[in-house]
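Engineer: Encoded as structure tokens, here's the structure I'll be asking about.
The values are calculated or read from the model by the stated rules, or taken from the named source; none is laboratory data. Keep in mind it's a predicted model, so treat the numbers as computed, not measured. All Cβ positions, glycine included, derive from the backbone under ideal geometry; neighbour counts span all protein chains shown. SASA here: full protein model, heavy atoms, side chains in, ligands and nucleic acids out. Shrake-Rupley method; radii C 1.70, N 1.55, O 1.52, S 1.80 Å.
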Amino acid sequence: MKRKTAWNGIIFVILCILVAAFLAPILFVLMNSFKGRLYISNAPFALPTQDTFSGLANYINGVEKTGFFSAFGWSAFITVFSVLAILLFTSMTAYYLTRVNNGVTNGLYYMYVFSMIVPFQMVMFTMSKLANIFKLNNPPGMVLLYLGFGAGLAVFMFCGFIKSIPLEIEEAAMIDGCNPLQTFFRVVMPILKPTAITVAILNAMWIWNDYLLPYLVIGLSTPYKTIPVAVQYLIGSYGSKDMGAMMALLVLSVIPIIVFYLACQKYIIEGVVAGAVKG
Amino acid sequence: MQKTLRRYFPIFILPTLIAFAFAFILPFAMGVYLSFCKFKTITNAQFTGIDNYVKIFADRDFINAFWFTIKVSVLSILTINIFAFILALALTRRIRGTNLFRTVFFMPNLIGGIILGYIWQQMINAVLLQFETTLVANATYGFWGLIILMNWQMIGYMMIIYIAGLQNVPTDLLEAAQIDGATGWQALTRVKIPLVMPSITICLFLTVSNSFKLFDQNLALTAGAPSKRTAMLALDIYNTFYGRMGYEGVGQAKAVLFFIAVAAIALTQLAMTRRKEVEA
């Protein structure tokens with residue numbers, strides 16, 4: 001037993017060092033975001049001193065150049081409404097596909113599953129051109145595209161869960177006079193909650209961080225930039241010139257994610273594990 | 001019950017199906033067709049047979065991107081899974097602060113690829129500045145940069161899955177092994193690893209497909225510099241579409257091959273590792 005506690009002590013120390021290593025890049029960016037932009041490239045690892053400390057200048061600069069708050073708003077808009085649309089519509093689809101068994105529903109189910117293994121590069125060019133033709137190059141259009149592209153995984157996960165719900169519950173509801181819509185919303189949907197949380201978290205993480213789809217569909221020259229697009233826009237066009245604004249913008253982009261993570265860590269970790277196991 | 005539900009087809013099926021048609025079915029079908037065409041916009045395509053596919057194999061950038069992707073994938077799959085498994089073993093020993101460690105190790109996984117890529121670009125450039133060089137000076141730096149970045153991002157994720165697997169190993173089996181005189185190493189290789197094989201399947205599958213399809217991180221970290229030598233396949237396809245006039249068809253053909261490769265990897269690996277799973 002003594003050997004085991006000694007081992008645990010050593011492991012504890014190693015883990016502490018690893019924690020420091022894991023946090024280093026974020027702390028590095030945070031530290032430099034408070035330094036004058038010229039000092040960042042000269043001595044990137046030096047702590048800010050009285051001479052090099054620039055207060056919030058970098059933040060003001062970065063926010064102005066990219067319209068960060070507008071990007072935050074559009075990111076939030078697209079993420080929230082896409083996730084809601086995915087939850088509502090794919091759970092309904094999954095319910096229908098599981099409970100009605102015929103050639104059409106089987107075919108549709110396999111199409112949704114198939115779409116999960118298709119990489120985005122396969123459809124990105126045609127999808128973005130179609131989006132232009134059909135005027136989907138705006139935030140509501142993005143919600144539609146995310147619903148379509150996220151449908152595969154969501155339908156697959158909901159179907160897996162609905163199969164395990166005993167049919168008797170729904171039959172009882174039907175006998176009590178519910179039509180299929182009432183049965184679904186009053187009886188089935190509440191049971192789906194655990195899977196719905198998983199689906200919501202997986203999709204929220206993906207949509208919030210997604211870069212290529214909003215970039216290709218909405219582009220740089222519109223007011224609808226999301227956060228990843230705004231970051232790429234600032235760095236792509238100002239690049240090495242304004243390191244300060246860049247550091248500040250990176251910090252601002254990470255903060256919402258960390259806040260969200262710390263607030264619902266339990267659900268996120270459970271959701272990610274469940275998603276990985278089923279996906 | 002089926003009969004009444006069947007009449008509700010438009011409400012239950014159509015909204016998702018319409019979105020799915022715009023986002024996936026139409027683009028996918030057109031993509032397959034256009035890979036056999038020469039086109040600038042999708043409305044003026046001209047059928048050219050397998051011309052685009054022939055051009056791919058004369059494209060040195062593509063061949064280079066292919067080998068670079070293989071190298072990055074193999075090394076990162078090994079390192080990520082080994083480190084993640086070791087961390088999972090360490091965090092299932094009931095050490096003080098386990099929850100805090102888990103929280104920190106998992107966090108990078110939530111940060112998006114673009115932001116992550118730029119954070120590491122800054123960090124690595126600052127280190128290389130001490131040696132008066134930069135990340136884009138040499139393709140080797142870009143290679144190791146990607147490996148470090150992917151480890152940083154994915155170790156925590158895989159670690160969580162391994163922890164879940166290890167916690168499901170029945171303690172009576174481990175006790176039985178101990179009574180039979182198994183050493184710690186034997187308990188690990190003969191009991192724990194066979195029993196967490198399902199988790200290993202999942203993690204291998206996830207790391208393979210994540211690294212093979214990597215794009216955002218690659219774009220942000222080096223964007224392929226110097227001279228496209230650190231471009232992975234997804235970035236090469238993107239560059240072919242949007243960086244070279246008249247090569248849209250070739251880009252689409254590359255995308256089709258990429259899709260076939262991704263699908264093949266996913267299916268073979270699932271089939272291969274499923275066989276090794278052991279019932280507890």
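Engineer: Using the Cβ atoms and a cut-off under 13 Å, what net charge is assigned to the surroundings of B:Tyr242, where Lys and Arg are +1 and Asp and Glu are -1?
Structural biologist: Summing Lys/Arg as +1 and Asp/Glu as -1 gives +2.
Engineer: Under 5 Å between amide H atoms, partner at least 5 residues away or on a different chain: which partners does B:Cys37 have, H built in plane at 1.01 Å?
Structural biologist: B:Thr48
Engineer: Considering only protein heavy atoms, what per residue accessible area in square angstrom results for the protein assembly as shown with a 1.4 angstrom probe?
Structural biologist: For the protein assembly as shown, the per-residue accessible area is 45 Å².
Engineer: Right, another one. How would A:Ser54, A:Ser128 rank on accessible area, largest to smallest, probe 1.4 Å?
Structural biologist: From most accessible down to least: A:Ser54, A:Ser128.
Engineer: Could you compute the longest span of chain A free of chymotrypsin sites (Phe, Trp or Tyr not before Pro) located in DSSP loops and having at most 15 other Cβ atoms within 10 Å, not counting the site residues?
Structural biologist: For chymotrypsin sites (Phe, Trp or Tyr not before Pro) (loop position, at most 15 other Cβ atoms within 10 Å), the longest site-free span of chain A is A:135-279.
Engineer: What number, rounded to the nearest 500 deg cm²/dmol, is the helix-based mean residue ellipticity at 222 nm of chain A, given -39500 (n - 2.57) per DSSP H run of at least four residues and division by all its residues?
Structural biologist: -24000 deg cm²/dmol
Engineer: Something else about it: Please report the net charge: other residues with Cβ closer than 15 Å to the Cβ of A:Val188, K and R +1, D and E -1.
Structural biologist: With Lys, Arg at +1 and Asp, Glu at -1, the neighbours total 0.
Engineer: Note down the relative contact order for chain A as a percent, whole number, built from C-alpha pairs under 8 angstrom at least six residues apart.
Structural biologist: Taking the mean separation of contacting Cα pairs over the length of chain A, I get 31 percent.
Engineer: What are the radius of gyration and Dmax of region B:132-273, computed over its Cα atoms and given in Å?
Structural biologist: 20.8, 71
Engineer: How long are the three semi-axes of the equivalent ellipsoid for the protein assembly as shown, computed from the Cα gyration tensor as the root of 5 times each eigenvalue, in whole Å, largest first?
Structural biologist: With the √(5λ) rule applied to the protein assembly as shown, the semi-axes are 37, 34, 25 Å.
Engineer: Counting only protein chains, not ligands or nucleic acids, how are A:Lys163, A:Lys4, A:Lys65 ordered by accessible area (probe 1.4 Å), most first?
Structural biologist: Of A:Lys163, A:Lys4, A:Lys65, the descending order of accessible area is A:Lys163, A:Lys4, A:Lys65.
Engineer: When the dipole is taken about the Cα centre of chain A, and only Lys, Arg (+1) and Asp, Glu (-1) are charged at their Cβ, what size is it in debye, to the nearest 20?
Structural biologist: Roughly 560 debye for chain A.
Engineer: Cα-based count: Lys pairs in chain B below 27 Å, eight or more positions apart or different chains?
Structural biologist: For chain B, the number of qualifying lysine pairs is 21.
Engineer: Taking a probe of 1.4 angstrom, what is the accessible area of A:Leu23 in Å², to the nearest 10?
Structural biologist: 50 Å²
Engineer: Just A:Ala57, A:Ala230, A:Ala46 to compare: in a GNM of chain A, with alpha carbon springs under 10 Å, which one fluctuates most?
Structural biologist: A:Ala46
Engineer: Summing both sides, how much accessible area is buried between B and A? Use a 1.4 Å probe and give Å² to the nearest 100.
Structural biologist: The contact between A and B buries close to 8400 Å².
Engineer: How large is the accessible surface of A:Thr98 in square angstrom, using a 1.4 angstrom probe and rounding to the nearest 10?
Structural biologist: The accessible area comes out at roughly 20 Å².
Engineer: Ok, one more. Only Cα pairs under 8 Å and at least 6 apart count here; give the relative contact order of region A:2-55 as a rounded whole percent.
Structural biologist: 30 percent.
Engineer: Loop only by DSSP, 15 or fewer other Cβ within 10 Å of the Cβ. Give me the chymotrypsin sites (Phe, Trp or Tyr not before Pro) in region B:47-133 that pass, ordered by residue number.
Structural biologist: B:Phe57, B:Phe131
Engineer: Can you pull the accessible area of A:Ser70 for me, 1.4 Å probe, Å² to the nearest 10?
Structural biologist: 60 Å²
Engineer: Within region A:144-161, name every residue whose backbone N is under 20 Å away from a label modeled 7 Å from Cα of B:Ala266 along the Cβ vector.
Structural biologist: Once the point is set 7 Å along Cα→Cβ of B:Ala266, A:145-161 turn out to lie under 20 Å by backbone N, inside region A:144-161.
Engineer: Of the candidates B:Val250, B:Val169, B:Val196, which one comes out as most mobile in a Gaussian network treatment of chain B with C-alpha springs shorter than 10 Å?
Structural biologist: In the Gaussian network model the winner is B:Val169.
Engineer: Under the Karplus relation 6.51 cos²θ - 1.76 cosθ + 1.60, θ = phi - 60°, what is the ordered set of whole-Hz ³J(HN,Hα) values for region B:51-67, x standing for Gly and Pro?
Structural biologist: Ordered by residue, 3J(HN,Hα) equals 3, 4, 5, 5, 4, 4, 6, 9, 8, 5, 4, 5, 4, 4, 4, 4, 5 Hz.
Engineer: In Å and whole numbers, how far do the C-alpha atoms of region A:124-232 stretch along each principal axis, longest first?
Structural biologist: 56, 25, 22
Engineer: Sorted by accessible area (1.4 Å probe), largest first, how do B:Val136, B:Val54, A:Val187 line up?
Structural biologist: B:Val54, B:Val136, A:Val187
Engineer: Mind checking which of B:Met159, B:Met150, B:Met197 has the largest fluctuation in a GNM of chain B, springs on alpha carbons under 10 Å?
Structural biologist: Sorting by GNM fluctuation, first place goes to B:Met197.
Engineer: If amide hydrogens are placed 1.01 Å from N in the peptide plane, which non-local residues have theirs closer than 5 Å to the one on A:Lys35?
Structural biologist: Residues meeting the criterion, in which the H sits 1.01 Å from N, are A:Ser54.
Engineer: Starting from the exponent 0.38 and prefactor 2.2 Å, build the expected Rg for chain B from its residue count and divide its actual Cα Rg by it.
Structural biologist: Expressed relative to 2.2 N^0.38 Å, the Cα Rg reads 1.25.
Engineer: Do any residues of region B:72-102 lose at least 20 Å² of accessible area when the full set of protein chains is present rather than just their chain alone, and if so which, with a 1.4 Å probe?
Structural biologist: Flagged in region B:72-102: B:Leu87, B:Ala90, B:Arg93, B:Ile95, B:Arg96, B:Phe101, B:Arg102.
Engineer: State, to one decimal in nm, how far the label point of A:Val259 lies from the label point of B:Leu14, with both points 7 Å from Cα in the Cβ direction.
Structural biologist: 4.1 nm
Engineer: Now, a different point. Please turn the phi angles of region A:59-74 into ³J(HN,Hα) values with the Karplus equation 6.51 cos²θ - 1.76 cosθ + 1.60 (θ = phi - 60°), one per residue in order, whole Hz, x for glycine and proline.
Structural biologist: For region A:59-74, the Karplus curve yields 5, 4, 4, x, 5, 5, 5, 10, x, 4, 5, 5, 4, 4, x, 5 Hz.
Engineer: For region B:165-223, what is the convex hull volume of its Cα atoms per residue in Å³?
Structural biologist: 98 Å³
Engineer: Principal axes first, then extents: for the Cα atoms of region A:2-55, list largest minus smallest coordinate on each axis, whole Å, largest first.
Structural biologist: Computed over region A:2-55, the largest-to-smallest principal extents equal 53, 18, 17 Å.
Engineer: Could I ask something else about it? With θ set to phi - 60° and the Karplus curve 6.51 cos²θ - 1.76 cosθ + 1.60, what are the ³J(HN,Hα) couplings of region A:216-227 in order, to the nearest whole Hz, using x for Gly and Pro?
Structural biologist: Going residue by residue, I get 6, 7, 9, x, 8, 8, 10, x, 9, 4, 8, 4 Hz, with x marking Gly and Pro.
Engineer: Given a 1.4 Å probe, show me the residues in region A:156-188 buried by at least 40 Å² of accessible surface when comparing the whole protein assembly to the chain alone.
Structural biologist: Buried on complex formation: A:Met174, A:Pro180, A:Leu181.
Engineer: Evaluate E = 1/(1 + (r/R0)^6) for B:Val74 and B:Arg7, where r is the Cβ-Cβ distance and R0 equals 51 Å; express this FRET efficiency to the nearest 0.05.
Structural biologist: Computed FRET efficiency for B:Val74 and B:Arg7 comes out at 0.45.
Engineer: Could you work out the Rg to Rh ratio of chain A, with Rh taken as the Kirkwood radius (inverse of the mean 1/r over all Cα pairs)?
Structural biologist: 1.08
Engineer: Could you calculate the FRET efficiency of A:Ile169 with B:Ile82 from 1/(1 + (r/R0)^6), where r is the beta carbon distance between them and R0 is 60 Å, rounded to 0.05?
Structural biologist: My answer for the efficiency is 0.85.
Engineer: For Cα pairs less than 8 Å apart in space and 6+ apart in sequence, what is the mean separation divided by the residue count of region B:1-75, i.e. the relative contact order in percent?
Structural biologist: With pairs under 8 Å counted, the relative contact order is 15 percent.
Engineer: With each run of n ≥ 4 DSSP H residues scored as -39500 (n - 2.57), what mean residue ellipticity at 222 nm is computed for chain B after dividing by its residue count and rounding to the nearest 500 deg cm²/dmol?
Structural biologist: Counting only the DSSP helices, I get -21500 deg cm²/dmol.
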